[in-house]
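Please treat every number below as a calculation from the coordinates, not as lab data. Fair warning: this is a prediction, and the values are worked out from it, not measured in the lab. So basically every Cβ, Gly included, is an ideal-geometry build from the backbone, and we count neighbours across all protein chains shown.
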Ligand SMILES: NC(=O)c1ccc[n+]([C@@H]2O[C@H](COP(=O)([O-])OP(=O)(O)OC[C@H]3O[C@@H](n4cnc5c(N)ncnc54)[C@H](O)[C@@H]3O)[C@@H](O)[C@H]2O)c1
Ligand SMILES: [Zn+2]
Ligand SMILES: [Zn+2]
């Protein structure tokens, strides 16, 4: 093995590069996803750190209320019309670089996540990596939720990061939702 | 409003649908004055592009008058604009490189999964061209919502007829980029398969770029006639063996560049094409790549192959040995329309290029279904259709 450092600082051993649906670990369902965002690192960090901004691009999040600087209460649309409440606490905060959070015990689900911001060494903007993970609640609903969640965090991480990128780069979130954004015929002969 | 909607294979109807609204700050609403049917629409008509859904509004070649603007649009009410068929944000990595048709942001997040699975990365948004490319409503309608209206549409000076500039929306830039991708050097011989609208604009562009000789291939006499009028020598593939003719005409060297302006629905009874057609019919997602194979085989050693023709699925039996051994270069892609607009508009205004000679029919939007039928099945007489919604 060569002693040469890799030409980029991408972490090739990270789960983002592993070919598996779920990252083995503490949680039932988890996913990591990366996106290059053509905006300064600090601006992206600041936007995300103010958690009240997050419903602007997180489609499932109905509301976020700030309890204290590092604590917030979330109302999230769950599968099959359910509503999930959780209280989230920031567990690590490195300004401009990294934010990690975790749900507190009174929450409906166990949830943990982090987001990392790195300068791209070749001037293409900021490399953003997001990790999210869940444990579904117990009971009957929990079973449904668990089933959906096998896929859900991957889909969610992917779509939320795309929307975050859109909002940061263009100032808006692309949409083609019928009928207003994209009219369509509802007659089906 | 009235709009042409897709209801399945060979089933296009005029429907009354809700009017589009301004949703995002950079949106504009355009009142459409002219819109065209493209060869690409025929791939939807024939149902060989996946991701269409019953009721989708069609059309990606359109122009009109700015009716309403969002707070961050740079357009003004009453301006006449032509809208590029590719939707581009103007601020991502790809737009920064002028690779507008690769825009990373214009395909909504919930629509991007399919193309990411099919092609490795999510594709940009395109008007009226399936949910793979965003699920946006198209412009074969009275009105259209135009996202990122500060980046896409080009403002047309007063007093220019719609027909002269309408094809800036797609086929003129597409023919131009096809010729650019062919890397034409002065005196080159360029062979172009397909004398449809894209092939015809590729002929015009190749000659403007200094090609010494253009040889155009099709089998519809009218289309071949149009190609001839534009300065091409023509080959009817029902009458001659194309590859042998090209070798003979170039005294054994072969064309310096070959352009596939046909795409995934090539006609022909060569065995490869029949197998491809069967697979396509049985929905295996196989493209009919007869022309692509022929361009690779016909091209001279060290030559260039340019592919504006659309492919959507998976192909096999590509003559990869010929491609490698001859050292060919291949370039392709959905057109980066925005990149070419100022330059091409200027050429139209200066009268350097005839952009209307290919129009065979002008019809009201209400006759859209009939226009699709004929542009599909009577290609000899129906060379390009312009629809007028207002
Ligand atoms: N890259 C882009 O951005 C872009 C933009 C517009 C259109 N297109 C594509 O370009 C292609 C052509 O578009 P068009 O509007 O001219 O379509 P069209 O259907 O009007 O024309 C295609 C022509 O190809 C001819 N043809 C069929 N089989 C042939 C063969 N074996 N050899 C020679 N010619 C053959 C047909 O007779 C027809 O005249 C389509 O695939 C379309 O989707 C691509
Ligand atoms: Zn087109
Ligand atoms: Zn872009």
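When the inverse distances between all different Cα atoms of the range B:63-150 are averaged and flipped, the Kirkwood radius reads 13.6 angstrom. With a simple spin-label model that places each label point 7 Å from the Cα along the Cα-to-Cβ direction, the separation between residue B:329 and residue B:240 comes to 2.7 nm. Adding -39500 (n - 2.57) for every DSSP H run of four residues or longer, then dividing by how many residues chain B holds, sets the calculated 222 nm ellipticity at -8000 deg cm²/dmol.
Neighbouring Cβ atoms from other chains, within 10 Å of the Cβ of residues in B:11-21, number 4 on average. Taking a ≥ b ≥ c as the square roots of the eigenvalues of the alpha carbon gyration tensor, the range B:180-261 is oblate, as a/c is not under 1.5 and a/b does not beat b/c.
Mind checking the mean number of beta-carbon atoms from other chains within 10 Å of the Cβ atoms in B:85-94?
3
Were the residues from residue B:390 through residue B:21 laid out at 0.36 nm apart, the gain over their Cα-Cα distance would be 131.0 nm. Out of every Cα pair in the range B:277-351, what percent are spaced more than 15 Å from each other? Within the range B:277-351, distances greater than 15 Å cover 65 percent of Cα pairs.
Here the Debye sum runs over all C-alpha atoms of the range B:236-390 as equal scatterers in vacuum, and log10 of I(q)/I(0) at q = 0.08, 0.12, 0.14 Å⁻¹ comes out as -0.32, -0.73, -0.96. If R0 is 30 Å, the Cβ-Cβ spacing of residue A:155 and residue B:33 corresponds to a FRET efficiency of close to 0.15. Averaging the Cα positions of each part gives two centres, and for the range B:317-390 and the range B:247-278 these lie 19 Å apart.
Over the Cα atoms of chain B, the radius of gyration divided by the Kirkwood radius equals 0.95; this is the Rg/Rh ratio.
Spin-label pair residue B:322-residue A:90: with each label point 7 Å from Cα along the Cα-Cβ axis, the two points sit 6.2 nm from one another.
For chain B, the longest principal axis of the C-alpha atoms and the axis of helix B:171-181 are separated by about 40°. Legend: translational diffusion of the protein assembly as shown by Stokes-Einstein, Rh = Kirkwood radius over C-alpha pairs, 25 °C, 0.890 mPa s; D = 95 µm²/s. Rounded to the nearest 10 degrees, the angle from helix B:337-349 to the longest Cα principal axis of chain B is 90 degrees.
Footprinting exposure proxy ranking of B:390, B:219, fewest other C-beta atoms within 10 angstrom first, gives B:390, B:219. The base-10 log of I(q)/I(0) for the range A:29-170, evaluated at q = 0.12, 0.20, 0.21 Å⁻¹, reads -0.47, -1.27, -1.39 [Debye formula, identical scatterers on Cα atoms, solvent excluded].
Taking the longest Cα principal axis of chain B as reference, the axis of helix B:368-377 is set at about 10 degrees. Take the convex hull of the alpha carbons in the range B:1-152; its mean projected area over all directions comes to 8.4 nm².
Taking R0 as 45 Å, what's the FRET efficiency between residue B:208 and residue B:297 from their Cβ-Cβ distance, rounded to 0.05?
Using R0 = 45 Å, I get an efficiency of 0.95.
Note on residue B:275 and residue A:36: the model spin-label points, each 7 Å out from Cα along the C-beta direction, lie 3.9 nm apart. Among B:207-213, A:164-170, sorting by the average number of other beta carbon atoms lying within 10 angstrom of each residue, highest first, gives A:164-170, B:207-213.
Residues in the range B:136-157 near a label at residue B:53, defined as backbone nitrogen under 17 Å from the 7 Å Cα→Cβ point? In the range B:136-157, the label zone of residue B:53 (backbone N under 17 Å from the point 7 Å along Cα→Cβ) covers B:136-138. Sorting the segments B:25-35, B:238-248 by their residues' average number of neighbouring beta-carbon atoms within 10 angstrom, most packed first, yields B:25-35, B:238-248. For the range B:97-140 versus the range B:187-201, the inter-centroid distance based on Cα atoms is 28 Å.
Counting alpha carbon pairs within less than 8 Å and at least 6 residues apart, what relative contact order, in whole percent, applies to the range B:310-390?
Contact order relative to length: 25 percent.
At an R0 of 60 angstrom, the distance between the Cβ atoms of residue B:160 and residue A:62 translates into a FRET efficiency of 0.75. Ranked by how many other Cβ atoms sit within 10 Å of their own Cβ, fewest first, the residues A:45, B:100 fall in the order A:45, B:100. The Rg/Rh ratio of the range B:164-314, with both radii computed over alpha carbons and Rh defined as the Kirkwood radius, is 0.96.
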